[in-house]
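Here it is, the structure in full.
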Amino acid sequence: MELPRRDRGDELLRPGELASIRKRLRNIAPKHDLTTVIVCAFDHRTRMPPATWSSVRMAPAGVRAIGSAMLDAGFDKTRIVLQQWNRHFRPSQMRLDGRVPDLFMVSSMQIHTAQCQYLIRDACRIDPAHRPLIIAGGPKTIYEPWDVFSTDPAAPWAADVAVTGEEYVLLHLLEVLLSVRLGTESMRMTFLRARDSGALEGIPGLVYALGSRQGVAEQLVDTGIQRLVGDLDELPDTVLGYQILEPPSSRVTLGSQALPADRVHRCSPIGGLVLTLGCKFVCPYCPIPAYNQRQYRAKSGQRISEEIERLYRQYHIRFCFGADDNFFADQDRTLDIVETLARKVDAGSRPHCKFRWGTEATIHDTLQMKDHLAVASKAGLIALWLGVEDMTGTLVRKGQSVDKTTEAFRLLRANRILPVPMLMHHDAQPLYTPGKPYGLLNQVKLLRKAGALDVHVLMITPAPGSKIYEAAFTSGLAFESVAGRPVELHMFDGNYVVASQHKKPWRKQFNIIVAYLYFFNPLRFLIALVHPKAKILHVDAGAYPATPGSGYQSPPRRRKLRRRISRKMKIHLGDAFLQLFGMFGLARTIRYTFVWGLRLMCGKIVRSTKSPNSQIPMRNIDGGPASHALPGTTTAQCKSLDSQGTASVAS
């Protein structure tokens, strides 16, 4: 089920509201001396293509955005912990500035739910007198906030509040809490008082518990769908988040200092930047359009240029991935970004000449931008992840076809941009179709022939917040268990077949392995050493003349020669390197999914009959159905808390 839409005209914050609340918090932050720990939950079982390497070599943009918002609002004693680097970290042992933090935040995707719940459980072991305010957020919480509240009386644990929105919702919550905080009262006690008085009901984007029976919440209150910031230039500078990263270690506690600036690029050579948000296509398996309230949002080219320069100069990061849903969706906004960056390259700006970035787009919008791909390449765009899904358009139609896909790949290669296709395998698609481009192997072969050096092949899987999510479970499409093994949430990453109506779903699992083996194999690696399939040239300052008077000086001839030889070697070996990288990722895929395929082949499949909705009754602030509840969720009675904290039915 998709997230409901706010009333037309009420989807966005008033212009300047995010900037205004940041300013107000900066004025009151020094009076409270808060310490905050933000953790990115990560399940290492998910380290498979397409995130085998990047998942542990890139500090995620989401937790950095929250950390940046805290720093920008004046809360300097903040630390970001990545379980990718600190897998043994235990919240119950954490100390920051010599004390238990005032705020403990956890961000999680659906596939990392197990680790998210572990972190919250461990934080709840802290003595209640010193326990921090526990705040859960991230993609998992946005769509299924009830999962951060325990339903087991034998093991009661819970977050204090789930934030189902972006930075503004968190900052609004902090502003309300600090406005009613009494002296040095703990933030958790302040939250409980504010909750019981109804002070949180005016903050759209929260879910919190009321009442308690045997340690389990009696009901969850949903304050509604968040309002979104329309102008992304109002967001705090996400580069700030790199200042407060916890250094990689095997300790259960926090280090005395954050990761030094000169070590950031070694631990996180890939940066992450939000450039645009939103997509104009409405695919039934995708939650993105509904989450964005059918809005398309973007940063200005000037703002992105400044962030790139800071990334390069402060942390020596030279490549970033744009956290876009469809970068080419709005041509005017896209041109503002790429033309601004291209002008910096023309002017000889070293950071912009050296910086490379990649992002996501669709075949249709890439073809619409064909006259501007050269400018995008000059701006540093070196790789484009393309949602091909199914080249024939059988699964979903987004303006793609075999001819259009081939044409888009030709245009990208001609403009020195690496196309990275992303395919979705589905029940109706066979492994191979003689003479037709419908089979999975047929399409992988066509993409390789068109110049793809890398490919992602995933099984279509129910995604929270999408149109088909609830029906996938109630119709029996999704599996509950296979050969006695329950289907766990970490398996919903597209690598495992966990939802299928095919008579022999094991074939789907092995089809993915075969497709990867066809694309990445030792023979193709040896051929790539001698005859690379596609030559994607690197863009640098030497490729474009500097603007007269810019101050840029051409390097000496000897340095130019060395640079050219180095660049030629990188170009020649690029295909072979990606083959090695792909084979490494494939080995991990086979290690985890081959046995699952055997289970699908030989074991009994138990199918789901109901969607994974909340076992705790939910309601909105008026007592009606909650905005974030799936169909079948019990609507709680409107209750209030008396002075002893017990629940009673409101009159």
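The values are calculated or read from the model by the stated rules, or taken from the named source; none is laboratory data. In this text the structure is predicted, and so the values were computed from the model without any measurement. Cβ atoms come from the backbone with ideal geometry, glycine included; neighbour counts cover every protein chain shown.
Is it true that some residue in the stretch 489-505 is in a helix (DSSP H, G or I), more than 27 Å from the chain's Cα centre (by Cα) and in the same structural domain as C283 (by TED's automatic domain parsing)? I'd like the intermediate steps shown before the answer.
Going through the stretch 489-505, the residues in a helix (DSSP H, G or I) turn out to be 489-491, 505.
Then keep just the ones that are more than 27 Å from the chain's Cα centre (by Cα); that gives 505.
Checking which are in the same structural domain as C283 (by TED's automatic domain parsing) leaves us with 505.
Among the residues of the stretch 489-505, at least one is in a helix (DSSP H, G or I), more than 27 Å from the chain's Cα centre (by Cα) and in the same structural domain as C283 (by TED's automatic domain parsing), which makes the answer yes.
Can you tell me which residue within the stretch 211-241, out of those that are part of a helix (DSSP H, G or I) and surrounded by 18 or more Cβ atoms within 10 Å (Cβ to Cβ), is farthest from the chain's Cα centre (by Cα)? Quick ask: steps written out before the conclusion?
Within the stretch 211-241, the first condition is being part of a helix (DSSP H, G or I), and the residues that meet it are 232-234, 238-241.
So of that shortlist, the ones also surrounded by 18 or more Cβ atoms within 10 Å (Cβ to Cβ) come out as 232, 234, 238-241.
Working: L232: 17, E234: 20, T238: 14, V239: 17, L240: 18, G241: 16 Å.
Only one residue fits best here, namely E234.
If you go through the stretch 109-125 one residue at a time, how many are surrounded by fewer than 22 Cβ atoms within 10 Å (Cβ to Cβ) and in contact with a strand residue (DSSP E or B) (Cβ under 8 Å, 6 or more places away or on another chain)?
1
Could you check N415 against (1) touching a helix residue (DSSP H, G or I) at 6+ places or on another chain (Cβ under 9 Å); (2) surrounded by fewer than 18 Cβ atoms within 10 Å (Cβ to Cβ) and say which number it fails?
It fails just one condition, (2).
Of the residues that make up the stretch 485-494, is at least one closer than 25 Å to L453 by Cβ and in contact (Cβ under 8 Å) with a residue 24 or more places away in the chain? So that I can check it myself, show each step before the final result.
Narrowing the stretch 485-494 to residues closer than 25 Å to L453 by Cβ: 493-494.
Now narrow it down to the ones that are in contact (Cβ under 8 Å) with a residue 24 or more places away in the chain: 493-494.
Yes: the stretch 485-494 contains one or more residues that are closer than 25 Å to L453 by Cβ and in contact (Cβ under 8 Å) with a residue 24 or more places away in the chain.
Among what's in the stretch 420-460 and is in a loop (DSSP other than H, G, I, E, B), in contact (Cβ under 8 Å) with a residue 60 or more places away in the chain and β-branched (V, I, T), pick the residue that is nearest to V487 (Cα to Cα).
I460
Residue-by-condition table, conditions (1) of a type in the set (S, T, N, Q); (2) over 18 Å from A162 (Cα atoms); (3) over 20 Å from the mean Cα position of the chain (by Cα):
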site: H44; (1), (2), (3): no, yes, no
site: T52; (1), (2), (3): yes, yes, no
site: G62; (1), (2), (3): no, no, no
site: D72; (1), (2), (3): no, yes, yes
site: T78; (1), (2), (3): yes, yes, yes
site: N86; (1), (2), (3): yes, yes, no
site: L96; (1), (2), (3): no, yes, yes
site: Q115; (1), (2), (3): yes, no, no
site: R121; (1), (2), (3): no, no, yes
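I would also like to ask the following. What residue, of I244, I203, is more than 20 Å from the chain's Cα centre (by Cα) and buried (at least 18 other Cβ atoms within 10 Å of the Cβ)? Spell out how you get there, then give the answer.
Numbers: I244 fails: more than 20 Å from the chain's Cα centre (by Cα).
After applying the criteria, what remains is I203.
Any residue at all in the stretch 242-259 that's part of a helix (DSSP H, G or I), out of contact with any His (no Cβ under 9 Å at 6 or more places or on another chain) and assigned by TED's automatic domain parsing to the domain that holds C124? Step through it out loud before you land on a result.
So in the stretch 242-259, the residues part of a helix (DSSP H, G or I) come out as 242-244.
Checking the rest, the ones that are also out of contact with any His (no Cβ under 9 Å at 6 or more places or on another chain) come to 242-244.
Retained after the next criterion (residues that are assigned by TED's automatic domain parsing to the domain that holds C124): none.
No, the stretch 242-259 has no match at all.
Still on this structure, please answer the following. Would you check which residues across the stretch 363-406 are touching a helix residue (DSSP H, G or I) at 6+ places or on another chain (Cβ under 9 Å) and on the phi > 0 side of the Ramachandran plot and list them?
Listed by number, the residues that qualify are G380, G399.
Shifting gears a bit: Filter the strands (runs of 3 or more DSSP E) completely within the stretch 63-138 down to those with at least 1 residues that are farther than 21 Å from A258 by Cα. Outline the logic, then answer.
Numbers: elements: 77-82, 103-107, 133-137.
The strands (runs of 3 or more DSSP E) meeting that bar are 133-137.
Could you list, in sequence order, all residues of the stretch 260-282 that are outside any helix (DSSP H, G or I), of a type outside the set (G, A, S) and under 22 Å from D76 (Cβ atoms)?
First, the residues of the stretch 260-282 that are outside any helix (DSSP H, G or I): 260, 268-282.
Retained after the next criterion (residues that are of a type outside the set (G, A, S)): 260, 269-270, 273-277, 279-282.
Scanning the stretch 260-282 gives a single hit, P260.
Additional query: Mind checking which residues of the stretch 201-210 are touching a Ser or Thr at 6+ places or on another chain (Cβ under 9 Å) and either acidic (D, E) or assigned to a strand (DSSP E or B) (or both)?
At the first step, the residues of the stretch 201-210 found to be touching a Ser or Thr at 6+ places or on another chain (Cβ under 9 Å) are 201-208, 210.
Matches in the stretch 201-210: E201, L206, V207, Y208, L210.
Of all residues in the stretch 620-648, how many are part of a strand (DSSP E or B) and modelled with pLDDT under 95?
Step one: of the stretch 620-648, the residues part of a strand (DSSP E or B) are 620, 635, 639-641, 647-648.
Add one more test, that the residue is modelled with pLDDT under 95, and what stays is 635, 639-641, 647-648.
Adding up the residues that qualify gives 6.
Moving on. With respect to V539, determine if the residue is at pLDDT below 95, in contact with a strand residue (DSSP E or B) (Cβ under 9 Å, 6 or more places away or on another chain) and crowded, with 21+ Cβ neighbours inside 10 Å. Quick ask: steps written out before the conclusion?
Numbers: at pLDDT below 95: yes; in contact with a strand residue (DSSP E or B) (Cβ under 9 Å, 6 or more places away or on another chain): yes; crowded, with 21+ Cβ neighbours inside 10 Å: yes.
Taking the combined requirement at face value, the residue satisfies it.
Look at I382 and say whether it is within 22 Å of the chain's Cα centre (by Cα), assigned by TED's automatic domain parsing to the domain that holds N442 and more than 25 Å from L458 (Cα to Cα). Let's see the steps before the verdict.
Working: within 22 Å of the chain's Cα centre (by Cα): yes; assigned by TED's automatic domain parsing to the domain that holds N442: yes; more than 25 Å from L458 (Cα to Cα): no.
It is false that I382 is within 22 Å of the chain's Cα centre (by Cα), assigned by TED's automatic domain parsing to the domain that holds N442 and more than 25 Å from L458 (Cα to Cα).
Would you say G358 is on the phi > 0 side of the Ramachandran plot and among the small types (G, A, S)? Give the derivation first.
Values: on the phi > 0 side of the Ramachandran plot: no; among the small types (G, A, S): yes.
So G358 does not fit the description; no.
Checking D365 against (1) surrounded by fewer than 20 Cβ atoms within 10 Å (Cβ to Cβ); (2) farther than 15 Å from Q302 by Cα; (3) modelled with pLDDT of 95 or more, which test does it fail?
Going through the list (1) surrounded by fewer than 20 Cβ atoms within 10 Å (Cβ to Cβ); (2) farther than 15 Å from Q302 by Cα; (3) modelled with pLDDT of 95 or more, D365 breaks only (1).
Please enumerate the residues belonging to the stretch 500-527 that are within 25 Å of Y469 (Cα to Cα) and without any contact (Cβ under 8 Å) to a residue 40 or more places away in the chain. Break it down stepwise before answering.
The initial filter retains those residues of the stretch 500-527 that are within 25 Å of Y469 (Cα to Cα), namely 500-512.
The one that is within 25 Å of Y469 (Cα to Cα) and without any contact (Cβ under 8 Å) to a residue 40 or more places away in the chain: K503.
Condition check: touching a strand residue (DSSP E or B) at 6+ places or on another chain (Cβ under 8 Å), of a type in the set (D, E, K, R) and not assigned by TED's automatic domain parsing to the domain that holds I512. Does R24 satisfy that?
Values: touching a strand residue (DSSP E or B) at 6+ places or on another chain (Cβ under 8 Å): no; of a type in the set (D, E, K, R): yes; not assigned by TED's automatic domain parsing to the domain that holds I512: yes.
No.
Here is a follow-up. Take the residues in the stretch 159-200 that are in a loop (DSSP other than H, G, I, E, B) and within 28 Å of the chain's Cα centre (by Cα), then tell me which one is nearest to L232 (Cα to Cα). Show your work before the answer.
If we filter the stretch 159-200 for residues that are in a loop (DSSP other than H, G, I, E, B), which is where we start, we get 159-160, 164-166, 181-186, 198-200.
With within 28 Å of the chain's Cα centre (by Cα) added as a condition, the list becomes 159-160, 164-166, 200.
Values: A159: 29, D160: 29, T164: 18, G165: 15, E166: 12, L200: 25 Å.
Per the criteria, the residue is E166.
K449 passes all but one of (1) farther than 23 Å from L386 by Cβ; (2) at pLDDT below 95; which number fails?
(1)
If we keep just the residues of the stretch 151-183 that are under 23 Å from A123 (Cα atoms) and among the polar types (S, T, N, Q), which is surrounded by the most Cβ atoms within 10 Å (Cβ to Cβ)?
So the residue we want is T164.
Checking the conditions here, which among S651, S554, S611 is crowded, with 18+ Cβ neighbours inside 10 Å, part of a loop (DSSP other than H, G, I, E, B) and either at pLDDT 60 or above or not aliphatic (A, V, I, L, M) (or both)?
Details: S651 fails: crowded, with 18+ Cβ neighbours inside 10 Å; S554 fails: crowded, with 18+ Cβ neighbours inside 10 Å.
Answer to the check: S611.
Does E407 satisfy being under 21 Å from D454 (Cα atoms), surrounded by fewer than 22 Cβ atoms within 10 Å (Cβ to Cβ), of a type in the set (D, E) and in the same structural domain as I512 (by TED's automatic domain parsing)?
The answer is yes for E407.
Need the failing condition index for S212 against (1) hydroxyl-bearing (S, T, Y); (2) out of contact with any Lys or Arg (no Cβ under 9 Å at 6 or more places or on another chain); (3) at pLDDT 95 or above, just the number.
Of the numbered conditions (1) hydroxyl-bearing (S, T, Y); (2) out of contact with any Lys or Arg (no Cβ under 9 Å at 6 or more places or on another chain); (3) at pLDDT 95 or above, the odd one out for S212 is (3).
Could we say that D10 is at pLDDT 95 or above and buried (at least 19 other Cβ atoms within 10 Å of the Cβ) here?
Working: at pLDDT 95 or above: yes; buried (at least 19 other Cβ atoms within 10 Å of the Cβ): no.
No.
Evaluate the stretch 41-61: report whether one residue or more is touching a residue at least 40 places away in the same chain (Cβ under 8 Å), under 21 Å from M422 (Cα atoms) and part of a helix (DSSP H, G or I).
Yes: one or more hits.
Residues checked against (1) in contact with an Asp or Glu (Cβ under 6 Å, 6 or more places away or on another chain); (2) closer than 30 Å to P247 by Cβ; (3) crowded, with 17+ Cβ neighbours inside 10 Å:
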{"residue": "D262", "(1), (2), (3)": "no, yes, no"}
{"residue": "S268", "(1), (2), (3)": "no, yes, yes"}
{"residue": "C283", "(1), (2), (3)": "no, no, yes"}
{"residue": "I288", "(1), (2), (3)": "yes, no, yes"}
{"residue": "R294", "(1), (2), (3)": "no, no, no"}
{"residue": "K299", "(1), (2), (3)": "yes, yes, yes"}
{"residue": "E309", "(1), (2), (3)": "no, yes, yes"}
